[in-house]
Amino acid sequence: MKTVLSKHAEKRIRQRGIRQDVLLLLELLGEIENVPGNALKLKITKKNKCQFISFLKKMIHLVESASKKSIIISKDGIIITAYNQNKIRD
């Protein structure tokens with residue numbers, strides 16, 4: 001959902017020190033709840049917070065594991081081989 005900030009929201013966001021990336025995270029992960037005024041409330045519940053943190057931990061572990069591997073790919077996109085790296089080279 002692409003949202004636009006009202007003047008009121010812009011003012012409150014500034015006053016309350018809410019960063020733009022926090023707003024984006026709420027839009028992406030927030031649980032939707034109907035509220036009066038034909039509106040929706042998006043909030044990160046304890047459950048979806050724990051699920052996302054668990055997902056991020058798995059991704060960190062995966063990145064750590066992948067940083068110790070290499071693959072060779074042909075220019076037409078075929079994986080030719082894969083191997084473990086002894087030392088990481090930047």
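The values are calculated or read from the model by the stated rules, or taken from the named source; none is laboratory data. Not measured: the values here are computed from a predicted model. Only protein heavy atoms, including side chains, enter the accessible area calculation; ligands, DNA and RNA are left aside. Shrake-Rupley method; radii C 1.70, N 1.55, O 1.52, S 1.80 Å.
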Q.
Keeping all protein chains in the complex and leaving out DNA, RNA and ligands, what accessible area do you get for Asp21 with a 1.4 Å probe, in Å² to the nearest 10?
A. 80 Å²
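Give me the percent of the accessible area of the range 1-73 that comes from carbon and sulfur atoms, probe 1.4 Å, all protein chains in place. Show your work: numbers first, answer last.
On the way: 3950 of 6440 Å².
Answer for the range 1-73: carbon and sulfur cover 61 percent of the accessible area.
What length, rounded to one decimal in nm, is gained on full extension from Ser54 through to Lys75, with 0.36 nm per residue of separation minus their alpha-carbon distance? Mind showing how you got there, number by number?
Values: separation 21, 0.36 × 21 = 7.56 nm, distance 3.59 nm.
Computed gain between Ser54 and Lys75 is 4.0 nm.
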